[in-house]
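A short worksheet on the structure shown next.
The values are calculated or read from the model by the stated rules, or taken from the named source; none is laboratory data. Treat the numbers as computed from the prediction; the structure is a model and nothing was measured. Every residue, glycine among them, receives a Cβ derived from its backbone with ideal geometry; neighbour counts consider all protein chains shown. Protein only, heavy atoms only, side chains kept; ligands, DNA and RNA dropped before computing areas. Shrake-Rupley method; radii C 1.70, N 1.55, O 1.52, S 1.80 Å.
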Amino acid sequence: MKKIIKNGTIVTAADTYQAELLIEDGKITQIGSNLSAAGAEIVDAKGCLVFPGGIDPHTHLDMPFGGTVTKDDFETGTIAAAFGGTTTVIDFCLTNKGEPLKNAIQTWHEKANRKAAIDYSFHLMISEINDDVLNELPQVINEEGITSFKVFMAYKNVFQADDETLFRTFVTAKELGALVMVHAENGDVIDYLTKKALEEGNTDPIYHALTRPPELEGEATGRAARFAGLAGSQLYVVHVSCADAANRIAEARSKGYEVWGETCPQYLVLDQSYLEKPNFEGAKYVWSPPLREKWNQEALWHALRSGTLQTFGSDQCSFDFKGQKELGFGDFTKIPNGGPMIEDRLTILFSEGVKKGRISLNQFVDLTSTRAAKLFGLFPKKGTVAIGADADLVIFDPNAERVISAETHHMAVDYNAFEGMKVTGEPISVMVRGEFVVRDKQFVGKPGSGQYLKRAKYNTPITENETMSI
Ligand code: URP
Ligand code: ZN
Ligand code: ZN
């Protein structure tokens, strides 16, 4: 089915302009004015922005964690993502030591393939480096198109890898053409501080934050960056929460190290005081790294604006308050870590960033879509509005006002971390490969219609001036 989108303002990471788009066979085939095509449906985007569908490079859907499983799976999670203007998610495939990587990847395909309503891909967790893993990784890259690895420097005795594993992952990724993603917190020191807090009878949610201070995120970020630099490899630091970590990234980049950073909506608008909410409600805000003292928010905005941080992920990892977060009543270490962020990612960055003059509209598109497409091997099929690109598009009303609430969100989880927040800007319609998934704020897509995306190897990202080959 052909479509022509008329009357909208096209926004990319580089430009903002008035134009019409012709969509055929799921791709953008013409950009111009007075476009026509026999049988084409006309879509009126009057008063709206039209920009590339969001790419969320950081989700945990249907993920076992802390003795339970995230509430949102690939169906509810990707539907909620679509309502929020996201058309591709890259989810973290967990692995277990001793288990063939292909089994873990198969498990993740089974979680996603009949459920995802938008396109999706996987990053692969590296929990150990040995001959079996080294033998399998070329296949992971060449056959599965998984070109990014994730190493946890925290969650001792659960996910945490040691420094040798981290360093060898950098060396291997350099050889194979993959990007190493790191959860940067010092898990050993956190483990000590956590045990000490419990021994002293400090069991409330706020101790989750107090036992994971920003110094330990800054230290781990700096350590990972130095390892990457020493190995001549490439690092992407996920969920940067504080000034200390952002400063370590800036420092590494100033030395010429290939280090990228991501932050998330929660760190820009919520702060550590949320963990002190009464009646155990602080547990709703327990995730890692934790929320920080409010002054860090300005440092993160500065890092986004100045290019020290280049992407904006959700770290979607949702657990109900009732029955899941409550597992940690009387012991904060048993609160499953994570929050529901997938749906409000774009709106929060638009409302707090673009509308308040902290970032430009083009930076917004770069942060929410284009840069992730480039870093994770999806550009220019995804992440831009260009002839030949997939017609993954958001028709976005920049003036719509609403209040975020669990009453109206589409995630399966029983609370919204941004409850009551007034925001400006709302996705009205969202399409994936030329088909509406959300139309006039109604879900019209189909679980299972999302396609698995094999990604290109990591390379020095394409600059704005380079020619695109599709
Ligand atoms: O608390 C969080 N962020 N949960 C998800 C796992 C991770 O560390 O990203
Ligand atoms: Zn993490
Ligand atoms: Zn995460």
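Taking 27 Å as the cut-off for C-alpha to C-alpha distance, list the pairs among Lys174/Lys325; Lys97/Lys195; Lys97/Lys374 that go past it.
Where the Cα-Cα span goes over 27 Å, the pairs concerned are Lys174/Lys325; Lys97/Lys374.
Given the Cα-Cα distance of His302 and Glu215 and 0.36 nm per residue of separation, how much length would full extension add, in nm?
In short, 29.4 nm is gained.
About the Cα centre, and with charges only on the beta carbon of Lys, Arg (+1) and Asp, Glu (-1), how big is the dipole of the chain? Nearest 20 debye, please.
That gives the chain a dipole magnitude of about 860 debye.
Would you pull out the residues with amide H under 5 Å of Ser121's amide H, same chain only if 5 or more places away, H placed 1.01 Å from N?
The answer is Val89, Ile90, Asp91, Leu453.
Which whole-percent values make up P(r) of the chain when all C-alpha to C-alpha distances are grouped in 20 Å steps starting at zero?
The distribution over the chain is 26, 60, 14, 0, given as percents.
Calculate the length of the line joining the C-alpha centroid of segment 1-80 to that of segment 155-191, in whole Å.
The two parts, judged by their Cα centres, are 34 Å apart.
Does segment 1-122 classify as rounded, prolate or oblate by the C-alpha gyration tensor (a ≥ b ≥ c root eigenvalues; a/c under 1.5 gives rounded; else a/b over b/c gives prolate, otherwise oblate)?
Prolate, because a/c is 1.5 or more and a/b exceeds b/c.
Starting from the Cα-Cα distance between Lys2 and Thr408, subtract it from 0.36 nm times their residue separation and give me the gain in nm to one decimal.
142.9 nm is the gain from fully extending Lys2 to Thr408.
Based on the mean of other beta carbon atoms within 10 Å per residue, what is the order of 208-214, 84-90, most packed first?
84-90, 208-214
Just to be sure I understand the model, the point goes 7 Å from the Cα along the line to the Cβ. What's the resulting Asn202 to Asn135 distance in nm?
Taking the simple label geometry, Asn202 and Asn135 are separated by 4.8 nm.
Please work out the Cα center distance from segment 254-332 to segment 367-407, rounded to the nearest Å.
22 Å
Label-point separation (nm) for Glu110 and Lys454, each offset 7 Å from Cα along Cα-to-Cβ?
Result: 2.3 nm between the two label points.
Run through the DSSP bridge list for the chain and note the antiparallel percent, rounded to the nearest 5.
DSSP beta bridges in the chain are roughly 45 percent antiparallel.
Could you point to the residue in Val133, Ser360, His409 farthest towards the positive end of the chain's charge dipole, with +1 and -1 charges on the Cβ of Lys/Arg and Asp/Glu respectively?
Positive-most Cα among the choices belongs to Ser360.
What trypsin sites (Lys or Arg not before Pro) does segment 20-104 have in DSSP loop regions with at most 11 other beta carbons within 10 Å?
Lys46, Lys97
Which residues make up the longest stretch of the chain clear of GluC sites (Glu not before Pro) that lie in a DSSP loop with no more than 12 other Cβ atoms within 10 Å, not counting the sites?
It works out to 201-406.
Evaluate E = 1/(1 + (r/R0)^6) for Glu128 and Ser360, where r is the Cβ-Cβ distance and R0 equals 41 Å; express this FRET efficiency to the nearest 0.05.
After rounding to 0.05, the efficiency reads 0.45.
Using the heavy atoms of the protein chains alone and a 1.4 angstrom probe, what is the accessible area of the chain per residue in square angstrom?
Dividing the accessible area of the chain by its residue count gives 37 Å².
Express in nm, to one decimal, how much length is gained between Lys322 and Glu143 on full extension, taking 0.36 nm for each residue of separation and deducting their alpha carbon distance.
60.3 nm
For the charge dipole of segment 53-375, defined by +1 on Lys and Arg C-beta atoms and -1 on Asp and Glu C-beta atoms about the Cα centroid, which residue among Gly338, Thr263, Gly323 has the Cα displaced farthest towards the positive pole?
Thr263
Hey, any idea what % of the chain's accessible area is carbon plus sulfur with a 1.4 Å probe?
47 percent
If each DSSP helix of 4+ residues adds -39,500 (n - 2.57) and the sum is divided by the residues in the chain, what number results at 222 nm, nearest 500 deg cm²/dmol?
Helix-only estimate at 222 nm: -8000 deg cm²/dmol.
Would you be so kind as to identify which of Leu35, Thr68, Leu166 lies farthest towards the positive end of the dipole of the chain, taking Lys and Arg as +1 and Asp and Glu as -1 on Cβ and the Cα centre as origin?
Leu35
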